[in-house]
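Below you'll find the structure, written out as structure tokens, and then a few comments.
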Amino acid sequence: MVEHIRAEIVRAGGFITFARYMELALYAPALGYYVAGTRKFGSDGDFVTAPELTPLYGAALARQVEAILATTADREVVELGAGSAALATSLLVELASRGASPARYRILEISPELKSRQAAALAAAGVAERTRIEWIDRVP
């Protein structure tokens, strides 16, 4: 990874922006943190987020999301960087149990590997059958 970034800096004339550095460090094909194939989330990974600890986080958040969705015409949710899809799963399960599923749930995810993991997790939870889920690569 260091050599890859160093070569990019040389190709760019000795300077790259911080945004480009982070893009390379996180998403360079086969090298970046989120695309290199290792487990990132949960007790077997590098870090744990609140949705990884318990589905209660998503369930609690669902109460606020339900109220917001009730006031919008499009009934859409956009999640930025869904990781393992733990939040999306618990949120969508709880919204469905309340009869408040969004019309569409968009996940902004750059990593092809994480997209695949997210799709598998959402399919296993059965939420993909009740909510239109889309992956996007930039904020709408």
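Where a number appears in this text, it was derived from the coordinates with a stated rule and is not lab data. Small disclaimer: the values here were computed from a predicted structure and weren't measured. Because the Cβ atoms are built from the backbone with ideal geometry, glycine has one as well, and the counts that use them run over all protein chains shown.
In the calculated pair distance distribution of the range 65-135, what percentage of Cα-Cα distances lie above 17 Å?
Numbers: 869 of 2485 pairs.
Of all Cα-Cα pairs in the range 65-135, 35 percent lie more than 17 Å apart.
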In debye to the nearest 20, how big a dipole does the chain give about its Cα centre with +1 on each Lys and Arg Cβ and -1 on each Asp and Glu Cβ?
-> 160 debye
Just grab the label-to-label distance for Val78 and Ala123, each label 7 Å out from Cα along the Cβ direction, in nm (one decimal).
-> 2.7 nm
Once amide H atoms are placed 1.01 Å from N in the peptide plane, what residues at a sequence separation of 5 or more from Glu79, or on another chain, have their amide H within under 5 Å of its amide H?
-> Arg106, Ile107, Leu108
Give me the number: length gained by fully extending Lys115 to Arg63, i.e. 0.36 nm times residue separation minus the C-alpha to C-alpha distance, one decimal in nm.
-> 16.1 nm
One computes Rg over Rh for the chain from alpha-carbon atoms, with the Kirkwood Rh, and obtains 1.06
Run the quick spin-label model on Thr54 and Val2: label points 7 Å from Cα toward the beta carbon, then report their separation in nm to one decimal.
-> 4.2 nm
At what distance in nm do the modelled label points of Trp135 and Leu26 sit from each other, each positioned 7 Å from its Cα along Cα→Cβ?
-> 1.6 nm
